[in-house]
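Take a look at the structure below.
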């Protein structure tokens, strides 16, 4: 079975046939960097990271472009409200997004262009659109003529006659049509601006993505991704301006669903945003990523800490199997064996990135591995462990890979020292239990618990782990 993906443009699941055999090109609408990222913001980054990982695991060489919108009305307003330059706001929160992507294990994109660095490409695109009769300039503003593009509305399934006016049309009678959208906004007092043949100003939101996708991926590329909320008007407008300029643009359109709270899209305006920095104080980053990849990318996630903890408990069971397997077999070597993935896992991922079905295969493999451990069937344990590691690697939650493993020599020495100290306390506790000195045994257990260490008594002896709910 070859990879099949749900294409928003055709409203169907289609075989993925790249423009160039063995290569896949992917553009993802990235962050508008006007605030710190919440869990809803970061979902698309994680979902499309899984897509990139699966494409690579399937043998494709992937070129991944994820843009940064670093000029925007909200960025300018925030800077003015806080009495600092707009670029200071953009830089601060671009770093916050980079940190969040990194801490949640997202592979760095091939290129991450900023809107402000691509004004020449935007000017060139506007020249083309004006020359072809698809755009016009009025008083320093440049607008796209929606009526000039017959397929406008095809992506979102709307007819132009049924559409509302563009958001900036109120009180503006200079437009040919109220639905025409801005490619370029003329300068206003106190705002940043760049010179153009039509006057100084700054880019409209939609123009930047067409210009950057064209520069780094070419006039046609394989996949364009983003959240459901971008289908209209953003992606609709990207298609219009790019195809009107003579580009084929994206061959597949993929959209991830939202993270909701109380049934509503998570957003700052609703007052229900959950910042990534705050959430990873309550669960480990790898557990938050596991939670966000567990649902199908086109399914809504109703966020709650109860559901997050339930997901984390399930992931810890997988880690528990890997720990017990390593005790029996020794720690695995570096690298991942892709041939160890069960065929059912690959089939699930090929079916429009069916992660829920893929996770069912993962947990079946863990169950079989645990049964083999109980039976001391080490060959089966070794096979199961290799398969589990390979599957986790595709999902970006392989605990043996970066960024989840410690790379610092000091960290390794500290872990060894802690392990030695805890082992001594567990040995003293085991002796107290053997002597039926329950008070001493309970005191040692409570001492460890208060230090953020959980003791798990098993038939094979006592094991310890860090309590993920313990504050730093």
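The values are calculated or read from the model by the stated rules, or taken from the named source; none is laboratory data. Computed from a predicted structure; not experimentally measured. All Cβ positions, even for glycine, are placed from backbone atoms using ideal geometry, and neighbour counts span all protein chains on display.
Condition check: out of contact with any helix residue (DSSP H, G or I) (no Cβ under 6 Å at 6 or more places or on another chain) and surrounded by fewer than 18 Cβ atoms within 10 Å (Cβ to Cβ). Does residue 220 satisfy that? It is true that residue 220 is out of contact with any helix residue (DSSP H, G or I) (no Cβ under 6 Å at 6 or more places or on another chain) and surrounded by fewer than 18 Cβ atoms within 10 Å (Cβ to Cβ).
Taking the condition free of Cβ contacts under 8 Å to residues at least 40 places away in the same chain and not in a helix (DSSP H, G or I), does residue 30 pass? Please lay out each step first, then the result.
On the way: free of Cβ contacts under 8 Å to residues at least 40 places away in the same chain: no; not in a helix (DSSP H, G or I): yes.
No.
Within the stretch 34-48, the set of residues being in a loop (DSSP other than H, G, I, E, B) and either assigned by TED's automatic domain parsing to the domain that holds residue 294 or touching a strand residue (DSSP E or B) at 6+ places or on another chain (Cβ under 6 Å) (or both) comprises 36 only. Among the residues of the stretch 397-427, those identified as touching a helix residue (DSSP H, G or I) at 6+ places or on another chain (Cβ under 8 Å), outside any helix (DSSP H, G or I) and modelled with pLDDT of 85 or more are 397, 398, 399, 400, 401, 403, 404.
For the stretch 455-465, state whether one or more residues are at pLDDT 90 or above and not assigned by TED's automatic domain parsing to the domain that holds residue 104.
Kept after step one, since they are at pLDDT 90 or above, are these residues of the stretch 455-465: none.
For the stretch 455-465, residues at pLDDT 90 or above and not assigned by TED's automatic domain parsing to the domain that holds residue 104: absent.
Applying the criterion of being in contact with a helix residue (DSSP H, G or I) (Cβ under 9 Å, 6 or more places away or on another chain) and farther than 21 Å from residue 295 by Cα to the residues of the stretch 1-17, the residue that is modelled with the lowest pLDDT is 1. Here the stretch 260-272 is the region considered, the condition is being more than 25 Å from residue 51 (Cβ to Cβ) and assigned to a loop (DSSP other than H, G, I, E, B), and the residue that is modelled with the highest pLDDT is 262.
Taking residues in the stretch 359-384 that are in contact (Cβ under 8 Å) with a residue 24 or more places away in the chain and assigned by TED's automatic domain parsing to the domain that holds residue 316, and partners anywhere that are buried (at least 17 other Cβ atoms within 10 Å of the Cβ) and not in a helix (DSSP H, G or I), the pairs with Cβ atoms closer than 7 Å and at least 6 places apart or on different chains are 361/342; 365/342. The condition (being surrounded by fewer than 17 Cβ atoms within 10 Å (Cβ to Cβ), in the same structural domain as residue 390 (by TED's automatic domain parsing) and assigned to a helix (DSSP H, G or I)) is satisfied by just one residue among 326, 299: 326.
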